[in-house]
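Data block below; observations after.
Read-outs throughout are calculated quantities, based only on the coordinates presented, and are distinct from any laboratory measurement. This one's a predicted model, so the numbers in the text were calculated from it and none came from an experiment. No Cβ is skipped: glycine too gets one built from the backbone with ideal geometry, and neighbour counts run over all protein chains shown.
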């Protein structure tokens, strides 16, 4: 499958609407993040952050877990894609961009339809979409099972239901969207393995959902961790994840991230 090019999208950020009373009210973090991003886009990328307007939560601690006992069979393929949802896509994208063997990691939406695949609408929590990351990787360098291990260990907390850290709503749920039967079997077996081992203090909430399409997010969401490393949300919630990746998976860590905008320029 050809990866989506988010830089070709005509979608532009829009200010939060005061209409639509039937929509579920977004979380405080979502409202702050959306409002600030709208201001950033309107100011041609100049971000104005009101530190203290919202008490950001800290990063979830990484958990050292065993590798999957079941992984995809080795083939001669050099390119494969996977889709993961684990809360705000800024951090999930940032983690996978630092994994050796990943050639592209795109922030976007999965679980809903193309009609509702934009940030403002997804933030309502009523579209079925989850903020997700489409990962393109070389299975000769890193397997799908190893990506799952990083996803469960570093990228997010798989025990939280319909939230991650300061962000709440179904759009922040923990879910994997297998691209084929092999990925589905590996994901389901790994969740069962981790639950049986009591790897976490609570049951894993991650759902294995049917893949119905991936829709790249707006360009201003791409490469956000790398482009805005001093943003309070990134500093508190996401940079620690990248450090944990380097600490727990040193053989797979890469200093230079696989950026969307760099790849699109080639």
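Provide the gained length on full extension for the span residue 181 to residue 103, in nm with one decimal, where the gain is 0.36 nm per separating residue minus the Cα-Cα distance.
Contour length minus Cα-Cα distance gives 25.8 nm.
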task: Distance between Cα centroids, the stretch 189-217 to the stretch 70-130: provide it in whole Å.
output: 14 Å
- line: The relative contact order of the stretch 78-265, taking Cα pairs under 8 Å that sit 6 or more residues apart, comes to a percentage of 33 percent
- line: Where a ≥ b ≥ c are root eigenvalues of the Cα gyration tensor, a/c under 1.5 meaning rounded, otherwise prolate if a/b exceeds b/c and oblate otherwise, the stretch 78-265 counts as rounded
task: Express in nm, to one decimal, how much length is gained between residue 77 and residue 193 on full extension, taking 0.36 nm for each residue of separation and deducting their alpha carbon distance.
output: 39.1 nm
task: Using Cα pairs closer than 8 Å and at least 6 residues apart in sequence, work out the relative contact order for the stretch 179-266, in percent.
output: 20 percent
query: By per-residue mean of other Cβ atoms within 10 Å, what is the highest-first order of 231-243, 165-177?
result: 165-177, 231-243
statement: Once residue 251 and residue 64 are pulled to full extension, the length gained, defined as 0.36 nm per residue separation minus their Cα-Cα distance, is 65.8 nm
